[in-house]
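The values are calculated or read from the model by the stated rules, or taken from the named source; none is laboratory data. What you see is a predicted model, and the numbers here were worked out from it, not measured in a lab. Because the Cβ atoms are built from the backbone with ideal geometry, glycine has one as well, and the counts that use them run over all protein chains shown. Just so you know, the surface numbers come from the protein's heavy atoms only, side chains and all, with ligands and any DNA or RNA stripped out. Shrake-Rupley method; radii C 1.70, N 1.55, O 1.52, S 1.80 Å.
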Amino acid sequence: MDDSTFAASLAESQGSIERELEILLSLEPKPGELTRPRRLIEAMRYATLGGGKRLRPFLTVETARALGRTDNGAVRAGAAIECIHAYSLIHDDLPSMDDDDLRRGRPTTHRAFDEATAILAGDGLQALAFEILGDPETDSNAEVRVALCLGLARASGLVGMVGGQMLDIDAEQSTAPLTVDEIRRLQAMKTGALLKFSVDAGAILAGASAAACAALEVYGRAIGAAFQIADDILDVESDAATLGKRTGKDAGQNKGTLVGALGLEGARRELDRLVDEAISAVNATGVGAKGDILRATARFVAMRKT
């Protein structure tokens, strides 16, 4: 798949996810709701709409598509994952966490609104994600909905994203540098778990075979690890105007990264290895040419500039 075809597919998916999020985050209350507090829903919309690569929902939609499911259920599941991602960014930017003022080229949510509203917006997005996955509109099969909710809870909670954030905070305060294995574990939890679940969700929705699920788990782990290494390289080599967020902060905050542990060239070699592993995993699923978009996504993750 050439770059222009991949870019068109990503743009199409971004549009679908944006439209779904616009509906889910409408300003007006939905049937059965008492009200949607105006400032809160505006903060939730600010943090979620109008920006971002939408890579996580793209992985959900394209994994499901490669396995034969093409209805709106995968779009809704992807939107739920994007709500979790947006909530994590709100909280990550708070003064008590990374204390960032810039996200996606504009003020972070707590700067655009206030700290209390930002915290509540993150809380609201987290709850909304599970509401979406638990809704029969996403899938009529209750067992599928339960599997989606359980998978997202694990990926975003104690043994996933939140646990990884705690390890990251501990690392910043430590006097001893993290080992390579400790960095890999931290990143697999903080960043990789939600990216991996994005792939898993597509497989769950499509009713994938055990063999395909096993191969896609390898793909998801490799994509998650590759994404974080690419992000760490960009933090060193790019600038705030290009990325839309502050750069050069990892070293200043004593963050454990593979760039810091292996050097730039070592990190690039590891990134290349992970891309090869991801592509081999797609080959093992048996989807053939239907997996081309997943193979192209692995290359995109490594080569992205933002």
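Laid out as a table, the results:
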item	result
Condition check for Leu27: over 19 Å from Arg104 (Cα atoms), at pLDDT 95 or above and either under 17 Å from the mean Cα position of the chain (by Cα) or not in a helix (DSSP H, G or I) (or both)	yes
Out of Ala79, Ala7, sole residue that is in contact (Cβ under 8 Å) with a residue 60 or more places away in the chain and not β-branched (Val, Ile, Thr)	Ala79
Of all residues making up the range 124-138, the number that are over 13 Å from Ser88 (Cα atoms) and either open to solvent by 20 Å² or more (accessible area, probe 1.4 Å) or part of a helix (DSSP H, G or I) (or both)	9
The listed residue being surrounded by fewer than 16 Cβ atoms within 10 Å (Cβ to Cβ) and of a type in the set (A, V, I, L, M, F, W, C), out of Ala289, Ala267	Ala289
Residue ID - modelled with the lowest pLDDT, chosen from residues in the range 139-167 that are polar (S, T, N, Q) and in a helix (DSSP H, G or I)	Gln165
Residue pairs meeting the criteria (Cβ under 6 Å; at least 6 apart or on separate chains; first free of Cβ contacts under 8 Å to residues at least 24 places away in the same chain, in the range 165-194; second of a type outside the set (Val, Ile, Thr) and open to solvent by less than 40 Å² (accessible area, probe 1.4 Å))	Leu167/Leu186
Any helices (runs of 4 or more DSSP H) falling wholly within the range 33-123 and containing at least 3 residues that are modelled with pLDDT of 95 or more and either under 30 Å from Ile279 (Cα atoms) or open to solvent by 60 Å² or more (accessible area, probe 1.4 Å) (or both)	38-48, 55-66, 72-92
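Matching residues to (1) open to solvent by 20 Å² or more (accessible area, probe 1.4 Å); (2) modelled with pLDDT of 95 or more; (3) within 23 Å of Glu172 (Cα to Cα):
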site: Ser209; (1), (2), (3): yes, yes, no
site: Glu217; (1), (2), (3): yes, yes, no
site: Ala222; (1), (2), (3): no, yes, no
site: Glu237; (1), (2), (3): yes, no, yes
site: Lys245; (1), (2), (3): yes, no, yes
